[in-house]
Amino acid sequence: MLEAIQKLAQKLTPRLIEIRRHLHSFPELSGQEHETAAYVAGILSSYGLKVHEGVGKTGIVGELLGRQASSGQFLAIRTDMDALPINELTRLEFASRKPGIMHACGHDVHTTVGVGTAMILSELGEQISGNVRLLFQPAEETAQGASWMIQSGAMENVEAILSCHVFPSIPGGSVGIRYGALTAAADNLEIKIIGESGHGARPHEAVDAIWIAAQVITTLQQAISRTHNPLRPVVLTIGQVNGGRAPNVIADHVILKGTVRSLHPDTHAQLPDWIEAIVAGVCQPYGATFQVNYERGVPSVQNCDRLSKLLEHSARAALGEEKVQLLPEPSLGAEDFALFLKHAPGAMFRLGVGFHDRPNYPLHHPNFDIDEQAITAGVVTMSYSAYQYWQSFPVQHRTESTAA
């Protein structure tokens, strides 16, 4: 079966590159993926998949039924479709034709991997013993699309879910496997410091909200290194500071906005109370009041060990031992794939897209580009993993096997 998948992937590679380049030329922002969704739906329909449009607003679901279709259970494969508000500078022939919008995070590649996997699995037909549901998700960049799709029923009867994300530090044609935490929980933070206005020449008669806000920022950063377990990292970044009315007037309020990233669930749970205690400890001695608004975002992606092993073994067989890396560290980036994992165990692998002979720009960079041999590697890995899932996990053991 592996040889058949590899041959199909090689045969389809020119078409897959064409699909990726089309998607790259016509990027769409989160929640606006109308043309992308129609394009994907058309390809899936042409390969005989049962296609559901408008799942999670602009999302697409394609279903393939295997020999055990009567079981009603699905293996899901999730890829995302949205682009970023970035002006592309690559000068590629197929560069974005939409000024100010670019596939700078590789979602054009993800979508192509999903489409290519659907093509191969449809060609294999009933040689796939179980059902496969392909989720083409909108609005990953705004961390909304997964929730939209879940609310629309995309995870009903799903017993496991797989995904991938491009990674420029891994060479094209290779993949990275990570056991356990893959990405961080990402939360939003707003802190309001309320002081008392006064003349800039008489600070003792006022409560300087800007000076206190500066102490809050500094104390939060220092306290992380001395009050949190360094083996359970926390990153707190204040990216926006607003306050003050005039150069000679002491500010009576400042608003700080930022992001908080963490990997360990226990640490994640404690962060709101910890931040509020630090802010209180700075504000109260100087007579300021405060308000902390802590908004939970997406949790950490915690890869299921057994599904990670499935991906690892499938990739080693399909690509070769030298093409598979075990990743020793997680990323503090965030992924709303984590929301699907509340409904079924899953795993995401890193798809190498780095060039061997030229600079590799990071994700979200206006010059970001990929080595296109990554597309075939991603499709083969995902297709063989889907086949192996149903072969390696007999019906009576699947639920138990994927529960880790």
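One line per residue, one yes/no per condition, for (1) in a helix (DSSP H, G or I); (2) at pLDDT below 95; (3) within 15 Å of the chain's Cα centre (by Cα); (4) not β-branched (Val, Ile, Thr):
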site	(1), (2), (3), (4)
VAL260	no, no, no, no
GLN284	yes, no, no, yes
ARG316	yes, no, no, yes
ALA344	no, no, no, yes
ASN367	no, no, no, yes
Legend entry - Tally of residues being in a helix (DSSP H, G or I) and either open to solvent by less than 60 Å² (accessible area, probe 1.4 Å) or under 15 Å from THR111 (Cβ atoms) (or both) across the stretch 26-73: 13
Inset, instruction - Please find, among GLY180, GLY200, the residue that is out of contact with any Gly (no Cβ under 9 Å at 6 or more places or on another chain), at positive phi and open to solvent by 10 Å² or more (accessible area, probe 1.4 Å). - result: GLY180
Legend entry - Answer from GLU372, GLU335, GLU321, GLU400 - the residue that is more than 23 Å from LYS11 (Cβ to Cβ), open to solvent by 10 Å² or more (accessible area, probe 1.4 Å), acidic (Asp, Glu) and modelled with pLDDT of 95 or more: GLU321
Inset, instruction - Please list, ordered by first then second residue, the pairs with beta carbon atoms under 7 Å, 6 or more apart or interchain, first in the stretch 41-52 and among the hydroxyl-bearing types (Ser, Thr, Tyr), second surrounded by 17 or more Cβ atoms within 10 Å (Cβ to Cβ). - result: SER45/VAL51; TYR47/ALA118; TYR47/MET119; TYR47/SER122
Legend entry - Residue that is assigned to a helix (DSSP H, G or I) and among the aliphatic types (A, V, I, L, M), where the choices are LEU363, LEU332, LEU351, LEU307: LEU307
Inset, instruction - Collect the residues in the stretch 243-272 that are open to solvent by 60 Å² or more (accessible area, probe 1.4 Å) and among the polar types (S, T, N, Q), keeping them in residue-number order. - result: ASN248, GLN270
Legend entry - Filter result (buried (at least 19 other Cβ atoms within 10 Å of the Cβ) and charged (D, E, K, R)) within the stretch 74-97: ARG78, ASP80, ASP82, GLU88
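Does GLU276 count as of a type in the set (Asp, Glu), assigned to a strand (DSSP E or B) and open to solvent by 70 Å² or more (accessible area, probe 1.4 Å)?
It is false that GLU276 is of a type in the set (Asp, Glu), assigned to a strand (DSSP E or B) and open to solvent by 70 Å² or more (accessible area, probe 1.4 Å).
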Inset, instruction - Determine whether the stretch 285-293 contains at least one residue that is of a type in the set (A, V, I, L, M) and farther than 23 Å from ILE170 by Cβ. - result: yes
Inset, instruction - Would you confirm whether any residue within the stretch 110-119 is among the hydrophobic types (A, V, I, L, M, F, W, C), crowded, with 22+ Cβ neighbours inside 10 Å and either in contact with a Cys (Cβ under 7 Å, 6 or more places away or on another chain) or within 20 Å of SER308 (Cβ to Cβ) (or both)? - result: yes
Legend entry - Selection within the stretch 169-183 - touching a Phe, Trp or Tyr at 6+ places or on another chain (Cβ under 7 Å) and in a strand (DSSP E or B): VAL175, GLY176, ILE177
Legend entry - Number of the exception - HIS228 against (1) in contact (Cβ under 8 Å) with a residue 60 or more places away in the chain; (2) touching a Phe, Trp or Tyr at 6+ places or on another chain (Cβ under 9 Å); (3) not charged (D, E, K, R): (1)
Inset, instruction - Taking ALA104 as the residue in question, decide whether it is at pLDDT 95 or above, part of a loop (DSSP other than H, G, I, E, B) and in contact with a Phe, Trp or Tyr (Cβ under 9 Å, 6 or more places away or on another chain). - result: yes
Legend entry - Failed condition for VAL301, given (1) open to solvent by 40 Å² or more (accessible area, probe 1.4 Å); (2) at pLDDT 95 or above: (1)
Legend entry - Residue count, the stretch 1-38 (criterion: within 22 Å of ARG91 (Cβ to Cβ) and charged (D, E, K, R)): 4
Legend entry - Total residues in the stretch 218-243, condition at pLDDT below 95 and of a type outside the set (A, V, I, L, M): 8
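Out of ALA223, ALA139, I need the residue that is part of a loop (DSSP other than H, G, I, E, B), in contact with a helix residue (DSSP H, G or I) (Cβ under 8 Å, 6 or more places away or on another chain) and of a type in the set (A, V, I, L, M). Which one?
None of the others qualify; the one that does is ALA139.
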Inset, instruction - Pick out the one residue from ALA209, ALA181, ALA185, ALA160 that is of a type in the set (A, V, I, L, M, F, W, C) and more than 28 Å from the chain's Cα centre (by Cα). - result: ALA209
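The values are calculated or read from the model by the stated rules, or taken from the named source; none is laboratory data. None of the values given here were measured: they were computed from a predicted structure. Here Cβ is always computed from backbone atoms with ideal geometry, including for glycine, and neighbour counts include all displayed protein chains. Remember, those area values only see protein heavy atoms, side chains included, never the ligands or the DNA or RNA. Shrake-Rupley method; radii C 1.70, N 1.55, O 1.52, S 1.80 Å.
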